[in-house]
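The values are calculated or read from the model by the stated rules, or taken from the named source; none is laboratory data. Everything numeric in this text was worked out from a predicted model, so none of it was measured. Because the Cβ atoms are built from the backbone with ideal geometry, glycine has one as well, and the counts that use them run over all protein chains shown.
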């Protein structure tokens with residue numbers, strides 16, 4: 001085979017190097033080298049750019065503001081309107097913008113072509129390695145030197161080669177398996193759709209469906225899918241809603257799968273999700289996102305080809321119906337009662353309550369819609385499949401709905417989501433069987449409607465990064481089944497409702513606020529969380545000054561019997577008076593940036609009365625395995641946090657602490673009994689310790705160290721980014 005390829009190479013090179021003569025149309029086969037074509041187009045675009053140079057600085061700002069233009073802008077452009085057609089500032093601005101976009105896209109395309117060339121070389125090099133051993137194996141079989149069946153060694157060699165070839169196939173993007181037709185690349189039988197413009201769609205998923213089904217890689221993905229248990233099949237197909245190569249967070253997947261009710265009983269959901277994702281990785285269906293600072297991955301993605309196969313399988317089954325051949329993704333009610341909100345769903349006819357049959361919907365998931373509040377209207381009182389209103393005596397209920405995920409699934413804040421009419425949340429009271437409710441990252445939600453308290457079967461309430469949210473419902477204890485509550489990064493919340501400590505099933509609480517509020521009868525104290533007997537994961541933000549010391553913190557949490565993970569972030573308690581004078585200004589700034597009413601009452605912190613006796617904690621929670629301290633305020637660690645006392649703790653993170661100088665009053669003479677395996681030290685300018693003391697005396701069982709911006713933690717054998725791993729162990 002190799003000599004035959006070599007004989008064909010000169011003809012290919014001749015094709016790529018051939019140029020059309022001046023004033024002559026290129027013949028079929030000319031200009032097939034994308035690099036040369038791109039170079040020619042860029043030359044033309046550069047010429048256009050010289051003809052349409054950038055505008056004056058005083059007009060460039062208007063290009064960043066979406067239409068319609070303001071009156072001030074129209075006045076500033078008045079002199080230009082009287083100019084001849086084709087030379088106005090408006091046309092000039094549009095031309096410049098189009099040319100700029102074209103230049104940028106050509107540059108990106110050129111980079112992609114270069115990557116494809118590199119991939120071609122890598123594939124060729126890898127494949128050529130297997131020619132000789134496979135040829136030797138064939139010779140042995142033909143000469144009869146082997147038995148009628150392959151030996152175990154031969155089978156293993158073939159399997160290794162098969163895995164490597166399969167991995168290569170997954171890296172190659174799916175391309176159409178046909179030659180260019182006379183009508184153009186985007187046409188069939190010479191007819192061009194969309195008025196001659198390129199069709200916006202997901203490349204390689206639908207336009208090449210028939211080609212995809214014929215390929216061996218698709219069959220392998222489908223075979224692996226068939227081998228999965230029924231619950232894990234649904235888990236695998238859930239990746240179809242995300243864009244290819246998009247990083248998907250493990251916690252978000254866990255929330256979704258809990259809401260769907262597909263995780264097994266009798267095991268922690270976190271462990272169950274890890275087992276599922278591990279199986280998917282072993283089958284090469286997903287791959288972890290590498291992060292050297294992580295002991296284990298917490299984000300995953302699918303390669304383009306596997307993702308395309310999963311999308312096609314999910315459509316065949318009828319689980320998700322987002323995609324259409326040759327068109328952008330579209331919101332649609334799938335056969336298996338799932339609805340995915342995509343970009344511009346709010347402008348579709350189905351966005352209206354009368355057009356969307358909501359009675360049997362099980363899942364509403366926001367993939368890319370920025371204004372998703374229209375989905376509330378589907379579950380209103382007078383929406384009864386478009387026939388008639390519910391009678392005054394009957395109760396409106398949508399008992400099929402289990403997942404209502406309107407928030408952001410991405411951990412990055414690139415996609416702005418906004419609820420234009422928060423009053424629509426009143427329809428939540430009709431979602432009586434809801435298990436998961438997510439408003440993560442949604443703006444303009446100042447408070448939760450009391451209707452939330454009617455969701456008696458709600459397991460997960462995800463309010464992460466709702467920056468405008470000011471308070472939680474006072475009757476939050478009505479959520480009897482609530483297990484996960486996430487209010488991380490809700491900066492406007494300054495106190496917790498009193499009945500929060502009445503949630504008997506709460507296991508994970510993220511974002512609990514300890515504040516300077518003095519009306520203890522109306523808000524929940526940290527010490528009162530000891531009544532949450534199932535609480536195993538807690539994150540706290542401390543905005544409280546005065547005498548609420550580090551010792552007082554550990555006194556309050558020492559009796560949390562099932563607490564396994566604790567994260568504490570201090571804010572502004574070192575200089576209490578300064579915090580008191582500036583906190584009001586900070587809240588007013590947040591209000592102004594989020595368009596809240598300027599005169600809305602904002603309760604500032606009040607002086608905290610010092611306790612009569614200094615609190616001294618006696619022990620850490622007995623099951624605590626991970627402790628994360630951020631912006632630590634003191635110069636010394638409490639006695640119970642000295643390494644010699646940490647006999648059950650496995651992970652210790654100290655991130656930020658301008659005063660902290662050491663791990664104890666003196667360096668131990670012998671190795672301690674500390675059980676910490678993972679240690680992270682960040683932004684600790686005064687912490688002074690040498691590697692020998694750190695590794696041999698303080699933390700003798702250490703397996704992983706992450707050191708960043710700690711100039712006096714010296715002689716550590718870390719790599720360029722401050723990471724050290726014990727080679728004798730594998731985490």
For segment 635-643, state whether one or more residues are buried (at least 17 other Cβ atoms within 10 Å of the Cβ), under 30 Å from the mean Cα position of the chain (by Cα), outside any loop (DSSP other than H, G, I, E, B) and in contact (Cβ under 8 Å) with a residue 40 or more places away in the chain. no
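Quick grid of which residues meet (1) in a helix (DSSP H, G or I); (2) farther than 27 Å from residue 351 by Cβ:
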position: 259; (1), (2): yes, no
position: 264; (1), (2): no, yes
position: 278; (1), (2): yes, yes
position: 292; (1), (2): no, yes
position: 314; (1), (2): yes, no
Counted residues, segment 321-364 - those being in contact with a strand residue (DSSP E or B) (Cβ under 8 Å, 6 or more places away or on another chain), surrounded by fewer than 21 Cβ atoms within 10 Å (Cβ to Cβ) and assigned to a strand (DSSP E or B): 1
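Let's see how each residue does on (1) assigned by TED's automatic domain parsing to the domain that holds residue 219; (2) in contact (Cβ under 8 Å) with a residue 40 or more places away in the chain; (3) on the phi > 0 side of the Ramachandran plot; (4) surrounded by 15 or more Cβ atoms within 10 Å (Cβ to Cβ):
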| site | (1), (2), (3), (4) |
| --- | --- |
| 257 | yes, no, no, yes |
| 264 | yes, no, no, no |
| 269 | yes, no, no, yes |
| 273 | yes, no, no, yes |
| 277 | yes, no, no, yes |
| 281 | yes, no, no, no |
| 285 | yes, yes, no, yes |
| 290 | yes, no, no, no |
| 300 | yes, yes, no, yes |
Residues of segment 632-652 satisfying the condition of being more than 13 Å from residue 663 (Cβ to Cβ) and at pLDDT below 95: 633, 647, 648
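Quick grid of which residues meet (1) surrounded by fewer than 18 Cβ atoms within 10 Å (Cβ to Cβ); (2) at pLDDT 95 or above:
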| residue | (1), (2) |
| --- | --- |
| 423 | yes, no |
| 435 | no, yes |
| 446 | yes, no |
| 457 | yes, yes |
| 460 | no, yes |
| 468 | no, no |
| 495 | no, no |
| 507 | no, yes |
| 510 | no, yes |
Considering only segment 534-557, how many residues are in a loop (DSSP other than H, G, I, E, B) and at pLDDT 95 or above? 3
Restricting segment 49-60 to residues that are surrounded by 15 or more Cβ atoms within 10 Å (Cβ to Cβ) and at pLDDT 65 or above, which is nearest to residue 113 (Cα to Cα)? 49
Here are some conditions: (1) under 21 Å from the mean Cα position of the chain (by Cα); (2) at pLDDT below 90; (3) part of a loop (DSSP other than H, G, I, E, B); (4) under 18 Å from residue 238 (Cα atoms). Residue 284 meets all but one. Which one does it not meet? (2)
Within the bounds of segment 528-547, is there any residue that is touching a residue at least 60 places away in the same chain (Cβ under 8 Å) and farther than 20 Å from residue 617 by Cβ? yes
Only one of (1) in a loop (DSSP other than H, G, I, E, B); (2) within 15 Å of residue 569 (Cα to Cα) is not met by residue 481, so which one is it? (2)
